[in-house]
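So the structure is just underneath, and the comments pick up after that.
The values are calculated or read from the model by the stated rules, or taken from the named source; none is laboratory data. As the structure is a computational prediction, the values presented were derived from the model and not from experiment. We place every Cβ from the backbone using ideal geometry, glycine too, and count neighbours over all the protein chains shown. Quick note on the areas: whole protein, heavy atoms, side chains included, nothing else; ligands and nucleic acids left out. Shrake-Rupley method; radii C 1.70, N 1.55, O 1.52, S 1.80 Å.
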Amino acid sequence: MSTQHKPLRINIERLSARLRELALVGGTPDGGVCRLALTRDDKAGRDLVVGWMQELGMSIRVDAIGNVIAIMAGKSDGPPVTMGSHIDTVATGGAYDGNLGVLAGLEVVTCLQEAGVTPEHPIAVGFFTNEEGARFAPDMMGSGVQQGALSLDTCLDTLSIDGKKVRDELAAIGYAGEAPCDFRARNFVELHIEQGPVLEQKGDIIGAVTGVQGISWTEVTLHGVSNHAGTTPMSMRKDAAFVAAAIAVELRQIASDFGPPQVCTVGHIKLEPNLINVVSRKAILTLDLRNTSEERLQEAEARAFAFVDAAAAREGLRVEKRTLARFAPVDFAEEIIALVEREAAVLGHKARRMPSGAGHDAQMFAPNCPSGMIFVPSAGGISHNIKEHTDAADIEVGANILLQVILKLAAG
Ligand code: HGY
Ligand code: MN
Ligand code: MN
């Protein structure tokens, strides 16, 4: 690796301009971003980022689940030191969740090329299909298939919440790639917004992420009997909406009884026929349980599922449960966590060690190579919300630490 006289730094104006340009793809009138996985907007976002990868002369591989990996050659061959994240968003998304990790990776490569730096090991930047899991469950689908945690065929046959198959939507946007889903990295480092309040509340700018908490997603379908809201005595009802609401209340109680870091969310409830004067014959709801402890997560699941069965039985409902996602907690590599801390210190910042409450593509790489994440603050701790924001000054610090971490890892 050639020597440098002045330290390399990222160009925050260029990175910010690209974040703004990508945020316009799937931009919503209220200033948010809706770029759900495998939609036309996702295709447009993918095409834009692939164009930037091509401008950098990177070799690009698209695999059978639509993951895109761009590679900058090193002096030697072998698995690349890899950065990346996702560019699909939830429906009420912002400009930074996922997008920052991908575009900061391209910014790092741009800096190295401008400085004439040829790394010993190849460097890659990737974006992974359907990280959010909002349209197709589970989340981290693309990176999970690529890194061996999920089955390609099962995922390709997965139906979206709007009744479409992954394989068909992938083909429709032209990202059903030829490459096998077998990419392996030498290291994986993901820059991401925290999406929570910790860094901001503690007055820190950098998080050295220690791992990702366990995630349990379940779809519950309750079958009742529709009936007249005015004439049906309460004792005769088989009311799916009532039990769905009771489950949502119980999940809040579980989180309260367990205490942090246990979180429980009912984010989706669909009623049929969903009319003011009809007792619901059907309710479909989703349970999202998370904890940094696998043991406590299993305890929370057991209590939640027992409540679902008992509440349904009391109301005389038939119940079906379907697992949508189940990932155990993941620890990141101490060598990467420590490297993030060191490079943050060199730049004058103390990195706070902290777990991630959100799932990330990095957790899929962790079993296969030393992996880690760098967090930057989310204003107000807000994410999955159109008001998601991170100051450019904080992004600049995080991206410069990513640059230095990658320089060290790629130097071998
Ligand atoms: O749900 C999550 O944790 C991530 O946003 N996919
Ligand atoms: Mn994300
Ligand atoms: Mn997200």
Helix 240-258 sits off the longest principal axis of the Cα atoms of the chain, rounded to the nearest 10 on a 0 to 90 degree scale, by 50 degrees
For K408, counting only aspartates and glutamates whose alpha-carbon sits under 19 Å away and dropping same-chain residues fewer than eight positions off, the answer is D77, E107, E114, E120, E190, E334, E335, E341, E343, E396
So, for the Cα atoms of the chain, Rg and Dmax in Å stand at 22.5, 83
For the stretch 198-267, the per residue accessible area (1.4 Å probe, Å²) is 46 Å²
Sparse-neighbourhood loop hits (trypsin sites (Lys or Arg not before Pro), the stretch 1-92; DSSP loop; Cβ within 10 Å at most 12 others) -> K75
In terms of the charge dipole of the stretch 272-336, which places +1 on Lys and Arg and -1 on Asp and Glu at the beta carbon, the residue among T292, V330, I276 farthest towards the positive end is I276
In whole percent, the fraction of accessible protein surface over the stretch 88-137 that belongs to carbon or sulfur atoms, probe radius 1.4 Å, stands at 49 percent
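Under a 1.4 angstrom probe, counting protein chains only, how are F258, F188 ranked by accessible area, largest first?
On the way: F258 40, F188 0 Å².
From most accessible down to least: F258, F188.
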Between the alpha carbon centres of the stretch 11-34 and the stretch 194-264 the gap in Å comes to 31 Å
Contact order relative to length for the chain, counting C-alpha pairs under 8 Å separated by 6 or more residues, stands in percent at 23 percent
Heavy-atom accessible area per residue of the stretch 8-81, all protein chains kept, 1.4 Å probe, expressed in Å², is 42 Å²
Per the C-alpha gyration tensor (a ≥ b ≥ c, the square roots of its eigenvalues), the stretch 142-231 is rounded if a/c is under 1.5, else prolate if a/b beats b/c, else oblate; here it's oblate
Given unit charges at Cβ for Lys, Arg (+) and Asp, Glu (-), the dipole magnitude of the chain about its Cα centre in debye, nearest 20, is 520 debye
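In debye, nearest 20: dipole of the stretch 216-327 around its Cα centre with unit charges on the Cβ of K, R (+) and D, E (-)?
340 debye
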In whole angstrom, the spacing between the Cα centers of the stretch 54-90 and the stretch 35-51 equals 15 Å
On the accessible surface of the stretch 216-327, probed at 1.4 Å with all protein chains in place, carbon and sulfur together account for a percent value of 54 percent
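Could you give the longest part of the chain that holds none of the GluC sites (Glu not before Pro) found in DSSP loops with at most 16 neighbouring Cβ atoms within 10 Å?
Numbers: sites that count: E120, E178.
So the longest stretch without any such site is 179-412.
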Gyration tensor on Cα atoms of the stretch 1-104, a ≥ b ≥ c root eigenvalues, a/c under 1.5 rounded, else prolate if a/b beats b/c, else oblate, says oblate
From the cross-link list K270/K321; K270/K387; K43/K387; K6/K202; K282/K321; K238/K321, the entries with a Cα-Cα span beyond 21 Å are K270/K387; K43/K387; K6/K202
Quick calc: nm separation of the 7 Å Cα→Cβ label points for D157 and H223 -> 2.2 nm
Sorting V397, V340 on solvent-accessible surface, 1.4 Å probe, most exposed first, gives V397, V340
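Among DSSP beta bridges whose residues both lie in the chain, state the antiparallel percentage, nearest 5.
70 percent
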